[in-house]
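Here's the structure, in structure tokens; my notes come after.
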Amino acid sequence: QKEVEQDPGPLSVPEGAIVSLNCTYSNSAFQYFMWYRQYSRKGPELLMYTYSSGNKEDGRFTAQVDKSSKYISLFIRDSQPSDSATYLCATISNFGNEKLTFGTGTRLTIIP
Amino acid sequence: GAVVSQHPSWVICKSGTSVKIECRSLDFQATTMFWYRQFPKQSLMLMATSNEGSKATYEQGVEKDKFLINHASLTLSTLTVTSAHPEDSSFYICSARARGLNEKLFFGSGTQLSVL
């Protein structure tokens, strides 16, 4: 079993829809949770970062962590064609540990 | 924001040659740099972790003699793929962790290596 599971998609939604992207993880020691956006043939860029359980909002993006169910989500409101990309969740137990554990990424396409 | 510059973005080489990929942190000191490999439609696979001035730590299954990593300064790390073969063709991405910004990992734009 992978430490982080993520549906690879692809996921296609019409412009303006709410997008929900999800990951599950198995290691209860994970405490920091990140979402990265990766455009084709580019390096990932950090979108959201959360610590422990809870919600975090940044513009149209909301990251949600439920440690009790080991479930992390990214919601995109009012989706735009420019949001079309691969979204990767990532997690780490502590930064002294150094290594992030990534999900496989979900390919998202927003249809104009 | 912090920028990580990775060069080249794209390289084609003949089998048996060596290729060097550079990763520079442009406006911050990178205490640690990471090298990843990514196959199409797959996630990032960590290859090695390097700290400035010390030997890189390689992940299990990664040949350290084939993938030479040098982290000579706080702003520069290089990955050299030695005696490249077609199976080494992949997308290589570096990332850098900024001193004082533990939660932030900044990625380079990646290098697409194609070995003929």
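Values quoted throughout were computed directly from the atomic coordinates according to the rules given, and no laboratory measurement underlies them. All values reported here derive from a predicted model rather than from experimental measurement. Please note: Cβ atoms are built from the backbone with ideal geometry, for glycine as well, and neighbour counts cover all protein chains shown.
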- Give me the lysines in straight-line cross-link reach of residue A:56: C-alpha distance below 22 Å, same-chain residues under 8 apart excluded. A:67, A:70, B:104
- Cysteines not pairable in chain B (beta carbon separation under 4.7 Å absent): B:13
- Item | Cα centroid separation - region A:57-112 against region B:51-99, whole Å | 27
- Item | Charge-dipole axis of the protein assembly as shown as Lys and Arg at +1 and Asp and Glu at -1 on Cβ define it, positive-most pick from B:69, A:90, B:105 | B:69
- Task: Take every Cα pair under 8 Å in region A:61-112 that's 6+ residues apart, average their separations, divide by the length, and report that relative contact order as a whole percent.
- Result: 33
- Item | Charge context of residue A:38, other residues only, Cβ under 13 angstrom, K/R +1, D/E -1 | +3
- Item | region A:34-74, relative contact order [Cα under 8 Å, separation at least 6], % | 27
- Please state the charge dipole magnitude for region B:25-70, taken about the Cα centre, from unit charges on C-beta atoms (+1 on K and R, -1 on D and E), reported in debye and rounded to the nearest 20. 180
- In terms of Cα to Cα distance under 21 Å, which lysines are near enough to residue B:55, apart from those fewer than 8 places away along the same chain? A:99, B:20, B:64, B:66
- Task: Over the alpha-carbon set of chain B, work out the extent along each principal axis and list the three values in angstrom, largest first.
- Result: 41, 26, 22
- Of all GluC sites (Glu not before Pro) in region A:22-112, which ones are in loop regions per DSSP and have a Cβ with at most 15 other Cβ atoms within 10 Å? A:98
- Relative contact order (%) - chain A, alpha-carbon pairs under 8 angstrom, separation at least six: 37
- Message: I'd like the chymotrypsin sites (Phe, Trp or Tyr not before Pro) in region A:33-72 restricted to DSSP loop residues with at most 16 other Cβ atoms within 10 Å, sorted by number.
- Response: A:39
